[in-house]
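Laboratory data are not the source of any read-out in this text; all were calculated from the coordinates shown. Just so it is clear, the model here is predicted, and its values are computed rather than measured. Positions of Cβ are generated from backbone atoms using ideal geometry, with glycine treated the same way; all protein chains shown enter the neighbour counts.
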Amino acid sequence: MNTPRTSTDSSTGRSARNGSTGRSDSADGTDSAASGAGAKPKRPARPAESGSRRHRSPLASFGLHGGLLLAAFIAVFPPLWLLATSFKPNSDAFTLDPVRNFTFDNYSHVIADTHFLDWFGNSLLVVLGTTVIGVLISSTTGYALSRFRFPGMRPLMWTLLITQMFPMAVLIVPLYNLMAQFGLLNQPVGLIVTYLTIAVPFCAWMMKGFFDTIPVSIDESGRVDGLSPFGTFWRLIMPLAKPGLAVTGFYTFVTAWAEVAYATAFMTGEENLTLAGGLQTFVNQYSADWGSMTAAAVIIAVPAGIVFGFAQRYLVSGMTAGAVKS
């Protein structure tokens with residue numbers, strides 16, 4: 001009787017062990033299937049990128065850097081040559097040798113023996129008037145075109161666009177007749193009005209594009225706080241428009257500082273000329289004083305460089321915003 005119980009127990013034990021093993025195997029199989037179903041399939045390994053994308057060949061690198069150095073030399077050579085010539089006597093103006101007879105006579109002659117200080121004063125007056133009035137008109141016009149809808153808006157936009165299509169040479173005669181009719185020849189006011197006709201259309205379009213990038217919700221919050229439309233523009237929008245204002249101011253400054261055609265056509269007499277017009281007195285069909293002209297050109301370039309230094313951090317963002325959103 002002991003034998004059957006042993007046999008039964010052993011068979012029962014084997015069945016239990018087999019059942020346990022089966023359940024374990026089944027559980028393992030389920031876990032394996034679940035893990036196989038839940039795991040993300042592995043992506044095939046990407047082929048190694050070509051070496052041309054990561055590393056340039058020595059020949060390509062040499063060609064790239066050589067081209068950049070050549071372009072930099074071409075860009076820097078003219079102003080460096082102008083600066084070197086300003087320190088040479090007239091007899092050495094066209095020599096390729098470096099400065100051998102260094103002299104400040106050209107600068108002293110320009111400042112002491114010519115009307116250069118009068119030209120500088122005239123240019124400063126014209127530039128300040130053009131820049132201040134141009135920035136004010138361009139910003140207000142651009143803001144109105146960006147935020148408001150009013151009768152004549154489309155014709156105004158087309159007028160600002162079409163006025164930029166005419167070259168300056170075509171407008172000299174009609175503008176000269178207008179200046180003569182209103183008695184504005186040989187007057188700084190005449191040049192200021194003329195330069196505004198050049199700068200304002202372009203700057204107004206650019207400022208409109210920049211104001212389009214400023215959320216309208218800022219205007220609405222100003223209205224909720226009780227600000228008038230001009231108060232909203234002046235106190236909320238203008239501080240946010242510094243990049244656009246910098247570009248507008250720099251463009252109007254360069255337009256008035258470096259323009260030659262209108263300055264020589266509308267202003268007569270050496271004491272009434274601007275700096276750009278005064279440069280032409282050094283080189284004409286009868287004589288050429290290259291040393292004095294280069295010295296005057298160097299002096300004229302200094303204020304433009306200073307203005308560019310102050311405005312350059314805003315130029316990229318301002319021009320980009322005005323070009324994309326228009």
**Study point:** Neighbour-limited loop hits for chymotrypsin sites (Phe, Trp or Tyr not before Pro), segment 128-226 (at most 12 other Cβ within 10 Å; DSSP other than H, G, I, E, B)
**Key:** F148, F182
Review point. R0 = 35 Å: FRET efficiency of T268 with L315, Cβ-based, nearest 0.05?
Key: 0.45
Point to revise | Cα centroid separation - segment 123-171 against segment 72-106, whole Å | key: 41
**Study point:** Two-site label geometry, S228 and A84: point separation in nm, points 7 Å out along Cα→Cβ
**Key:** 6.1
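What FRET efficiency, computed as 1/(1 + (r/R0)^6) with R0 = 41 Å and r the Cβ-Cβ distance, is obtained for S217 and M165, rounded to the nearest 0.05? Write down the numbers at each step before the final one.
Numbers: r = 36 Å, r/R0 = 0.88.
The value I calculate is 0.70.
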